[in-house]
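> Okay, handing you the structure first.
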Ligand SMILES: NC(=O)c1ccc[n+]([C@@H]2O[C@H](COP(=O)([O-])OP(=O)(O)OC[C@H]3O[C@@H](n4cnc5c(N)ncnc54)[C@H](OP(=O)(O)O)[C@@H]3O)[C@@H](O)[C@H]2O)c1
């Protein structure tokens, strides 16, 4: 099968199309003929040699895909050959076929195209897990999402608005802030020109937010804690702003705050299946009706994966960069 490979870690120019062996089938898995996959920030890190795949996982890039089921493992029930499917992957999406544990696969609603579906699993499940399962915002609560224009950030905004929450986001330009507002965010803060903590407190009448979805880490720790309301949760999912920061534990105690770090990729198949199930229970109807769908910035052919990586590196995108495979 055709896939994107790289021989040595490096910049996006190391990516090339090659012919590789298709993945080996397993009894609890589905084989999917991939129609679309999407670029995630983690792919750039993996390509640079900074985020190796977990043991036993495909060395190919690609954390999500959508396509058609072409083979059903003998222990799998509820799936038929020919069904449209989208899957959360630990790797291997930049290829014509994947084999994935059936628990990580979701049906694609007819309102959603293959290209949109290929951009759903990694970002929507990340946003769902971290905001809803870990952050646990109250009804009508307030959520701050850093990187509101990212794949994860646009998914987070969609899910939070669908759930009736107030969403505040940060983004790196006035243009991206305007797009975040169009996409449903209630407040958008340009992190290059404004300090976000005073804006968050002003916009919430000094109360702060219930949950922060943070992809920045160390550099934002102090300001994030300032933004949290009593009982609030800071969920750290990325460390673009470094791994260290200073935390005033007295504030943590006084306001009974929670601080949690989380990764999705390295979780067990059982954990992923449980998360995927709760996602479908909570938002399956909204996906089916097309009320919730990903923001697709652009669609490139698989062979232009390097261009997709360049776009993410330069932060030229709003939402997802999709790769069309077949
Ligand atoms: N832990 C997990 O399980 C998990 C899973 C998936 C993703 N992630 C993380 O989630 C983040 C988003 O992933 P993605 O694939 O959606 O990436 P992406 O589309 O490439 O977005 C990266 C985002 O980071 C934003 N950003 C960079 N510096 C910032 C700062 N100082 N303040 C606020 N925002 C800042 C950028 O904002 P501008 O473009 O507006 O400057 C951009 O929107 C990444 O950090 C990724 O590693 C974690």
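> Among the residues of region 43-56, is any outside any helix (DSSP H, G or I), more than 16 Å from the ligand (Cβ to nearest atom) and either without any contact (Cβ under 8 Å) to a residue 60 or more places away in the chain or surrounded by 15 or more Cβ atoms within 10 Å (Cβ to Cβ) (or both)?
Initial filter on region 43-56 (outside any helix (DSSP H, G or I)): 48-56.
Right, trim to more than 16 Å from the ligand (Cβ to nearest atom) and you get 55-56.
With the extra rule that they be either without any contact (Cβ under 8 Å) to a residue 60 or more places away in the chain or surrounded by 15 or more Cβ atoms within 10 Å (Cβ to Cβ) (or both), the set shrinks to 55-56.
The answer is yes, given that some residue of region 43-56 is outside any helix (DSSP H, G or I), more than 16 Å from the ligand (Cβ to nearest atom) and either without any contact (Cβ under 8 Å) to a residue 60 or more places away in the chain or surrounded by 15 or more Cβ atoms within 10 Å (Cβ to Cβ) (or both).
> Among the numbered criteria (1) out of contact with any strand residue (DSSP E or B) (no Cβ under 6 Å at 6 or more places or on another chain); (2) within 13 Å of the ligand (Cβ to nearest atom), which one does residue 149 miss?
Every condition holds for residue 149 apart from (1).
> Show the residue pairs that are 6+ apart or on different chains and have beta-carbon atoms under 8 Å apart, the first residue being within region 18-38 and assigned by TED's automatic domain parsing to the domain that holds residue 96, the second being modelled with pLDDT under 95 and buried (at least 24 other Cβ atoms within 10 Å of the Cβ).
none
> Another question, if that's okay. Using beta carbons and a limit of 9 Å, which pairs, at least six apart or on different chains, have the first residue in region 131-152 and free of Cβ contacts under 8 Å to residues at least 60 places away in the same chain and the second one part of a strand (DSSP E or B)?
Hits for this filter: 140/166; 148/167; 148/168; 148/169; 148/170; 148/171; 148/188; 148/189.
> Let me ask another. Looking at (1) part of a helix (DSSP H, G or I); (2) surrounded by 14 or more Cβ atoms within 10 Å (Cβ to Cβ), which is the one condition that is false for residue 265?
Answer for residue 265: the failing condition is (1).
> Right, here's the next one. Residue 127 versus (1) assigned by TED's automatic domain parsing to the domain that holds residue 211; (2) touching a strand residue (DSSP E or B) at 6+ places or on another chain (Cβ under 8 Å); (3) over 25 Å from residue 308 (Cα atoms): which is the lone unmet condition?
That leaves (3) as the condition not met.
> For region 168-207, which residues satisfy the criterion of being more than 11 Å from the ligand (Cβ to nearest atom), crowded, with 21+ Cβ neighbours inside 10 Å and within 23 Å of residue 256 (Cβ to Cβ)?
168, 200
> Look through region 297-321, keep the residues that are away from the ligand (no atom under 12 Å from the Cβ) and not in a helix (DSSP H, G or I), and return whichever of them is surrounded by the fewest Cβ atoms within 10 Å (Cβ to Cβ). Even if it seems obvious, please write down each step before you answer.
Filtering region 297-321 down to residues away from the ligand (no atom under 12 Å from the Cβ) leaves 298-307.
Narrowing further to those that are not in a helix (DSSP H, G or I): 298-301.
Numbers: 298: 16, 299: 19, 300: 16, 301: 12.
Checked region 297-321; the qualifying residue surrounded by the fewest Cβ atoms within 10 Å (Cβ to Cβ) is 301.
The values are calculated or read from the model by the stated rules, or taken from the named source; none is laboratory data. As the structure is a prediction and not an experimental result, all values here were calculated from the model. A quick note on method: Cβ atoms are made from the backbone with ideal geometry, for glycine too, and the neighbour counts reach across all protein chains shown.
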